[in-house]
Structure formats: C-alpha cells, structure tokens
Amino acid sequence: MTPRPSPDPGIGGRIRARRLTRGWSVRFAVSRAGLSHATWSRIERGLQAADNRFTLAGIAEALECSPADLAEAPVPTADRAALAAVAGAAAVRRALIDIDLSEPAEGCAPPLDDLARSVDLAESLLQACDYVGVTRLLPGLLRELHVETAGPGAQRALRLLCAATSTASSVLRILGLPADAWLAGERCREAADSCGDPVLQGYAAYARANAATEAGSFQRGLTLAERAAGELQRHLARPGAAEVLGCLHLVCALASQCGGRLDESRAWSAEAAALARRTGETSSKGLYFGPTNVDFWRISIEVEDGDPGYAVEIARRTTPGALPIGFRQVYYYADTARALASLRNRDREAIRLLLAAERIAPQHVHRSTDVWGTVQTLLDRSRRQSGGTELRGLSARMQAV
C-alpha cells in the first residue's frame with residue numbers, strides 16, 4: 001500500500017527540527033521510537049502521514065515532547081469551555097497529589113450520603129461530556145473523601161474514592177494529560193487495595209492500563225490489564241466482576257493493537273464480545289460494558305492499523321443510541337468518520353459524522369488530535385473538489401486553517 005501523504009506537512013518539519021535540536025541522527029531517533037528508518041524519513045519529508053495517534057505518540061515519546069507539540073492542534077480561543085476544562089485539570093492534579101492515603105487528612109467533610117451523590121454527579125457529568133463540570137467538582141470532592149477515609153465510614157469512603165479517582169483518570173486522559181490520568185489511576189489502586197476488594201482492584205487496573213496505553217506505554221498497559229484479568233477470573237461470582245473483566249479484555253485488545261499485534265488484539269476483542277453476549281448491556285460501575293460498547297472499541301481499534309472497511313461494517317450494525325452516554329457515543333461518531341475518510345468517495349458521510357460528534361461533545365472534538373488529522377485530510381481533498389462548507393466551518397472552529 002502506498003503511504004498516504006501528510007495533510008499537514010508542517011508535522012514533518014517540526015519532527016525534524018526537534019530531532020536536529022537534540023543533535024540526533026534519524027537512525028538514533030528511530031531506535032528510540034521503534035519505527036523503520038524509511039518511515040521516519042518519509043514522515044519528516046511530508047510524504048507519509050503521522051496523524052495516527054499511536055505513531056505520533058511514539059515519535060513524541062522518542063523526542064521527549066507531547067503529541068500536541070508536534071501536531072500543533074490548538075484549542076480555539078473562542079472555545080472557552082475547552083480552555084476552562086484544561087485549566088480545571090490543574091486543580092484536579094493538585095488534589096490528587098494531596099490525597100495520599102498514607103498521610104492524615106485535615107478538615108471536615110459533608111455526610112457520606114452527600115458525598116455519594118456528588119460522586120454520581122461527577123460520573124454523570126463525564127458521561128455527558130461536560131468536562132468543565134467534572135474538573136470543577138472533583139478537587140473538593142477528592143479532598144472530602146480523603147477526610148472520610150479516616151472516619152467511621154472508612155470502607156464506604158474508600159469505595160467512593162475509588163469511583164471518584166477513576167472518573168478523574170478518565171477526564172484527564174480525555175483532556176490529553178495521560179501522566180495525570182496515571183496519577184489518578186494510582187490513587188484509585190490505593191483505595192481499592194485498602195478495601196481489599198478484587199473487583200475494585202480490577203477496576204483500578206483498568207484505569208491505570210488505559211492511562212499507560214494513552215501515554216504510549218503499550219506493553220505496560222497490556223501487562224497491567226492482562227495480569228488483572230487473570231486475577232479477576234477467580235472472582236467472577238462477585239457482582240460487577242464480569243463487567244470489569246470484559247473491560248480489561250478491551251484494554252488488552254487496544255494495547256495489543258498499539259503494539260502492532262493486530263491478530264492478538266482481535267483475539268482479545270473476540271473474548272470481550274463473547275463475555276458481552278453473556279452479560280448483555282450493563283451499567284455497572286459506569287463502565288457500560290456490553291455488546292454495543294465492545295463494538296465501539298472494535299471500531300476504534302480497526303480504524304488505527306486494521307481494516308477501515310471492517311470498522312465501517314461494524315459501525316453499520318451498531319446502534320449508538322443503545323449506549324445512552326455521550327462519553328462513548330462521541331468515539332463512535334469520530335472513529336467511524338475516520339474510517340470513512342480512509343475509504344474512497346465517503347467524505348460526505350465522514351463530515352456528517354464529525355459534525356455529529358462535535359454536537360455531542362465540542363470540548364472533546366476540539367482537543368482531539370485524531371479528529372484534527374481527519375479534518376485536515378478531508379479539507380485537503382475538499383479544496384480540490386466542490387463543496388466543503390460545513391467542513392471548513394468545523395476546521396475554523398478547530399483553528400485548523
């Protein structure tokens with residue numbers, strides 16, 4: 001297959017500039033990134049796209065920078081919500097640093113029933129893609145739960161803290177802050193270990209494995225998820241265990257695909273799908289594991305390095321409304337649009353789905369390097385064809401031009 005030219009040749013120039021600043025040869029750089037010499041060279045010259053998030057993450061890790069530094073996908077200054085979410089993430093980070101369970105907490109907290117309602121609210125805001133709301137709520141909530149872990153309701157407080165730190169890990173990962181997401185996952189693990197609940201320990205491993213994979217540590221993510229899945233097999237009679245196990249299988253599938261092992265990835269996906277047929281659609285622990293969510297993950301996996309046509313086939317047989325949370329639906333629309341953009345004569349469909357994703361979660365779409373790359377690809381083609389008004393509107397909102 002002929003490599004697809006980069007829709008943003010500037011990425012190659014930025015990669016080359018960072019490499020030369022460090023005084024590295026291409027040969028040394030590729031040894032750090034795990035790419036071939038020819039692939040790196042084509043990317044630097046703008047002859048091959050680097051908008052695949054995992055390729056870009058690998059290059060960024062090798063060059064000791066972030067993917068956003070290379071993609072230069074800015075947050076639109078007019079998108080105050082996206083800016084506020086990123087600003088709020090700093091307060092969440094400070095709270096996560098403060099709530100060390102090995103240290104005593106200071107202050108007082110509301111009754112646990114009130115805190116439980118706040119934990120549910122944080123999860124609901126995340127599912128509705130209101131990342132500003134989540135980042136505003138979490139700092140105080142995390143500190144108050146920390147206080148209660150030393151009180152008479154310690155076990156309940158720890159369980160609530162496990163849920164709240166998992167929510168924190170998810171929103172930080174979505175905002176492009178995988179290191180902070182990892183810290184939240186570590187706090188989730190500490191709370192789960194203090195509870196001694198194997199289901200919660202698997203749940204915490206799911207958060208950590210997701211954060212590791214997002215950061216480009218694919219083998220670490222796979223190891224964490226695979227080990228946790230093996231340990232959870234012995235506790236499947238416990239409530240929520242099957243749902244957590246299924247999600248761990250999905251992280252294994254994603255991490256395997258990121259590591260270039262597509263056959264293994266598809267085997268993990270098949271295991272998750274088999275388990276989902278037994279559980280049906282669920283909402284346990286806010287994971288929403290079930291057949292629909294498994295298909296959403298399969299679409300995302302296939303569109304990266306698999307078969308975009310198969311991704312579209314999965315999307316056609318999937319009803320996104322069966323999973324009534326915007327947090328997951330936005331991935332369905334954005335990833336299906338990316339798959340369509342890789343096929344011939346499907347640009348109009350791709351644009352329609354990108355706009356649907358933006359309507360659901362503008363904060364998410366405007367910060368996504370995956371969507372950025374797709375918009376640039378479609379925009380380049382639209383300049384050589386008629387139409388493209390809606391696409392140019394989306395591009396302007398993302399400051400793509």
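So that you can scan it fast, the table gives a plain yes or no per residue for (1) modelled with pLDDT under 90; (2) closer than 27 Å to Leu121 by Cβ; (3) open to solvent by less than 20 Å² (accessible area, probe 1.4 Å); (4) over 20 Å from the mean Cα position of the chain (by Cα):
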| position | (1), (2), (3), (4) |
| --- | --- |
| Ala274 | no, no, no, yes |
| Glu281 | no, yes, no, yes |
| Pro291 | no, no, no, no |
| Thr319 | no, no, no, yes |
| Ala322 | yes, yes, no, yes |
| Tyr331 | no, yes, no, no |
| Ala337 | no, no, yes, no |
| Ala341 | no, no, yes, yes |
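Would you please name the residue that is farthest from Ser382 (Cα to Cα), looking only at residues in the stretch 7-41 that are among the hydrophobic types (A, V, I, L, M, F, W, C) and not in a helix (DSSP H, G or I)? For the stretch 7-41, the residue satisfying everything is Trp24.
For the stretch 100-153, a tally of residues being assigned to a helix (DSSP H, G or I), more than 16 Å from Ala184 (Cβ to Cβ) and touching a Phe, Trp or Tyr at 6+ places or on another chain (Cβ under 7 Å) returns 1. Scoring Ala71 on the criteria (1) open to solvent by less than 50 Å² (accessible area, probe 1.4 Å); (2) modelled with pLDDT of 70 or more; (3) hydrophobic (A, V, I, L, M, F, W, C) leaves a single failure, condition (2).
Against the condition over 23 Å from Trp182 (Cβ atoms), in a helix (DSSP H, G or I), open to solvent by 30 Å² or more (accessible area, probe 1.4 Å) and out of contact with any helix residue (DSSP H, G or I) (no Cβ under 8 Å at 6 or more places or on another chain), how does Arg156 come out, does it pass? Lay out the reasoning, then the answer.
Working: over 23 Å from Trp182 (Cβ atoms): yes; in a helix (DSSP H, G or I): yes; open to solvent by 30 Å² or more (accessible area, probe 1.4 Å): yes; out of contact with any helix residue (DSSP H, G or I) (no Cβ under 8 Å at 6 or more places or on another chain): no.
Against the criterion (over 23 Å from Trp182 (Cβ atoms), in a helix (DSSP H, G or I), open to solvent by 30 Å² or more (accessible area, probe 1.4 Å) and out of contact with any helix residue (DSSP H, G or I) (no Cβ under 8 Å at 6 or more places or on another chain)), Arg156 does not qualify.
For the stretch 211-241, give me each residue that is in a helix (DSSP H, G or I), out of contact with any Pro (no Cβ under 9 Å at 6 or more places or on another chain) and touching a residue at least 40 places away in the same chain (Cβ under 8 Å). The answer is Phe218, Gln219. Taking the listed residues Leu287, Leu262, the one that is modelled with pLDDT under 95, more than 22 Å from Ser166 (Cα to Cα) and open to solvent by 10 Å² or more (accessible area, probe 1.4 Å) is Leu262, with no other qualifying.
Pairs linking a residue in the stretch 10-28 that is closer than 20 Å to Trp372 by Cβ to a residue that is modelled with pLDDT of 80 or more and not in a helix (DSSP H, G or I), with Cβ atoms under 7 Å and 6 or more positions apart or on different chains, are Gly12/Arg45; Gly12/Gly46. With respect to the conditions (1) touching a Gly at 6+ places or on another chain (Cβ under 6 Å); (2) under 28 Å from Gly176 (Cα atoms); (3) of a type in the set (A, V, I, L, M, F, W, C), Ile97 lacks only one, and its number is (1).
For the stretch 242-259, filtering for residues that are closer than 21 Å to Thr319 by Cα and open to solvent by 10 Å² or more (accessible area, probe 1.4 Å) leaves 1. Pairs are defined by a Cβ separation below 7 Å, a sequence spacing of at least 6 or placement on different chains, a first member in the stretch 105-122 that is at positive phi, and a second member that is surrounded by 11 or more Cβ atoms within 10 Å (Cβ to Cβ); the pairs so defined are Gly107/Val147. Among residues of the stretch 378-395 that are on the phi > 0 side of the Ramachandran plot, those with a Cβ under 7 angstrom from a residue that is modelled with pLDDT under 75 and not aliphatic (A, V, I, L, M), sequence gap 6+ or separate chain, pair up as Gly388/Ser382. Residues of the stretch 346-401 that are part of a loop (DSSP other than H, G, I, E, B) and at pLDDT below 80: Arg367, Arg383, Arg384, Gln385, Ser386, Gly387, Gly388, Met398, Gln399, Ala400, Val401.
Suppose the filter is at negative phi and surrounded by fewer than 17 Cβ atoms within 10 Å (Cβ to Cβ); does Arg367 pass it? Answer is no for this residue.
The values are calculated or read from the model by the stated rules, or taken from the named source; none is laboratory data. Keep in mind the model is a prediction, meaning the values are calculated, not measured. Using ideal geometry, Cβ is built from the backbone for each residue, glycine included, and neighbour counts are taken over all protein chains shown. Side chains included, ligands, DNA and RNA excluded: accessible areas come from the protein's heavy atoms. Shrake-Rupley method; radii C 1.70, N 1.55, O 1.52, S 1.80 Å.
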